[in-house]
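Every number in this text was worked out from the coordinates using simple rules, so none of it is lab data. The structure presented is a predicted model; accordingly, all values stated were derived computationally and were not measured. Don't worry about glycine lacking a Cβ; one is built from the backbone with ideal geometry, like all the others, and counts go over all protein chains shown.
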Amino acid sequence: MICIPITAANTQDALRDMQAAAPLADMLELRLDYIENPDLPCLLADRPRPVIVTITPREENGQFTGTDAERLSLLEQAVILGAEYIDCNMGWHALPRLRSIQGKTRVIVSSHNYEETPPDLPQRYREIAATGADVVKIATYAKRISDNLRMLELIKDADRDCIGICMGEKGEVSRILAPAYGALLTFASLVTGKESAPGQIPAEAMHSIYDCNGINRTTRLYGLIGNPVSKSRGYILFNRLFKHYGLNMRYLNFLVDDVDDFMNSFGRVLGGFSITMPHKQAVTNYLDASDAISERIGAVNTVVNMKGRLLGCNTDTAGVVRPLLQLTGLNDKRVTLLGAGGAARAAAAALIHEGALVTILNRTLLRAEKLADELGCASGTLDSFDPDATDILVNMTSVGMHPDIDATPVPQGKLRDMIVFDGVYNPPKTQMLREAERAGCTVIPGIEMFISQAAEQFRLWTGIEPDVALMKDILS
Ligand code: NAP
């Protein structure tokens with residue numbers, strides 16, 4: 001069930017938002033602390049969905065500044081008017097009074113921690129359950145990705161209706177998966193900007209991208225790990241593809257800064273995952289095996305969970321080579337490759353494998369030299385770029401990536417008579433590609449690489465060769 005909090009500033013706006021939320025929500029939470037002088041009879045009269053009535057005081061991160069007596073009076077009124085649920089924080093002295101008059105209204109007893117997800121979650125659950133709560137609600141802040149799994153396990157083991165949420169960007173996973181683990185509901189915002197807690201996902205995305213109500217315990221989970229992940233569009237692409245091919249699979253974003261924490265929690269729970277900056281090399285330490293090209297590169301961007309064994313693969317290689325091969329052969333082509341990170345390693349290995357003559361240029365010369373030594377090619381610093389010795393220029397640095405969209409890794413005047421391929425795909429056309437186009441070069445935008453490498457990931461996870469035209473359509 002998806003519950004949308006109504007956080008309007010007055011009764012009229014709240015009534016409007018309730019109607020707007022109804023098609024996307026199974027339940028509404030009336031946040032009376034946001035609504036000035038709420039007209040509760042009016043709000044409850046023609047409610048389009050069952051409601052939770054909540055009044056959170058300012059000292060508990062809500063908006064309510066009235067007295068305790070006013071708060072109690074509003075909640076009593078909600079009970080008298082037959083609200084389906086009222087929410088009352090654990091430890092509030094009025095809780096026994098509300099329990100004594102609750103009638104058919106069910107009481108959610110809640111506990112919030114905006115700092116962390118404490119180790120003693122089950123103990124917290126037991127304390128709340130001991131109040132006689134009809135529904136136990138625990139909301140904590142996710143500091144690490146494993147916090148989500150602890151919260152989901154708590155929900156799974158609950159012996160009564162339970163709502164469990166990890167807040168913040170790292171907690172998004174819990175919001176999407178909570179119903180599948182048995183939570184009574186998950187909260188989603190009406191639209192971006194109307195969140196009542198950090199990390200709430202817009203309800204529209206919960207339905208149209210994640211098909212949240214269709215997730216169950218047999219759903220195979222996939223995702224992207226990295227930092228940052230919020231700008232990646234993989235979650236849109238893969239979820240739409242899964243839906244198109246009728247697969248009970250979902251792809252989520254995992255904001256990970258501690259690879260060890262991720263691998264020891266979700267690492268073997270997922271059916272597979274993509275890896276982006278800065279974890280492509282670190283993940284290799286946790287795998288059971290890697291394919292030949294990943295071994296050579298020492299970096300993976302894809303993991304496939306084969307019945308508990310984790311296999312590392314690198315589809316960035318296909319991502320670089322396939323779009324180029326559609327324009328030209330690569331044997332004996334002089335390729336200047338900018339960058340010496342994970343993506344550059346994959347590009348260099350793949351291009352050399354195709355017979356290209358590769359020169360690796362990087363901001364940090366030592367990294368370029370080290371990689372070039374490993375792969376047997378030339379190296380230099382970024383300012384040694386020579387257009388007269390370049391048939392193909394490939395940028396695998398992050399220069400030009402959002403938000404530094406005016407940056408470019410090479411001076412404008414040096415782009416001429418060559419194919420220019422930019423790995424950066426956000427923005428879709430980087431400053432370097434714009435300048436290359438103006439100079440008459442043939443350009444390949446990063447989205448081509450993204451689609452080629454993603455198509456290969458999809459094939460590895462599902463065995464299905466996806467329709468590339470459909471993938472372009474989804475991303476456009
Ligand atoms: P990475 O391992 O962190 O490497 C980053 C590279 O960028 C390093 O060579 C680094 O140079 C260089 N760099 C960073 N900031 C720089 C600056 N201000 N000036 C000059 N060089 C700078 O990252 P990665 O995984 O290889 O990814 C690199 C880029 O490729 C990202 O933009 C990513 O979006 C893109 N990519 C695209 C796709 C796709 O599907 N289109 C797939 C993978 C990657 P130093 O060694 O000097 O730090």
Order the peptides 57-65, 181-189, 296-304 from the highest to the lowest mean number of other Cβ atoms within 10 Å of their residues.
296-304, 181-189, 57-65
16 Å Cα-Cα reach of K370 towards lysines, excluding residues that sit fewer than 8 places from it in its own chain
none
As straight-line cross-link partners of K170, the qualifying lysines (C-alpha separation under 18 Å, not fewer than 8 residues apart within one chain) are K143, K231
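At R0 = 22 Å, how high is the FRET efficiency between K156 and Y286 if r is their beta carbon distance? Nearest 0.05 is fine.
Working: r = 25 Å, r/R0 = 1.13.
The formula returns an efficiency of 0.35 here.
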Could you work out how far apart the two model spin labels at D383 and D258 are, taking each label as a point 7 Å from the Cα in the direction of the beta carbon, and quote it in nm?
4.1
Please work out the C-alpha center-to-center distance from segment 412-453 to segment 256-300 and express it in whole Å.
29
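Indicate the gyration tensor shape class of segment 2-205 (rounded, prolate or oblate), computed on the Cα atoms with a ≥ b ≥ c the square roots of the eigenvalues: a/c under 1.5 is rounded; otherwise a/b larger than b/c is prolate and the rest oblate.
The shape class here is oblate.
Of the beta bridges DSSP finds with both residues in the chain, what % are antiparallel, to the nearest 5? Write out the running numbers ahead of the final one.
Details: 8 of 74 bridges.
The answer is about 10 percent antiparallel.
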Please sort by residue number the chymotrypsin sites (Phe, Trp or Tyr not before Pro) in segment 84-163 whose DSSP state is loop and whose Cβ has at most 14 other Cβ atoms within 10 Å.
Y114
Give me the distance between the Cα centres of segment 96-153 and segment 1-69, rounded to whole Å.
20
Which loop-located trypsin sites (Lys or Arg not before Pro) does segment 409-476 contain, where loop means any DSSP state but H, G, I, E or B and the Cβ has at most 15 other Cβ atoms within 10 Å?
R416
Nearby lysines by direct alpha-carbon distance to K156 (threshold 18 angstrom, same-chain neighbours under 8 apart not counted):
K137
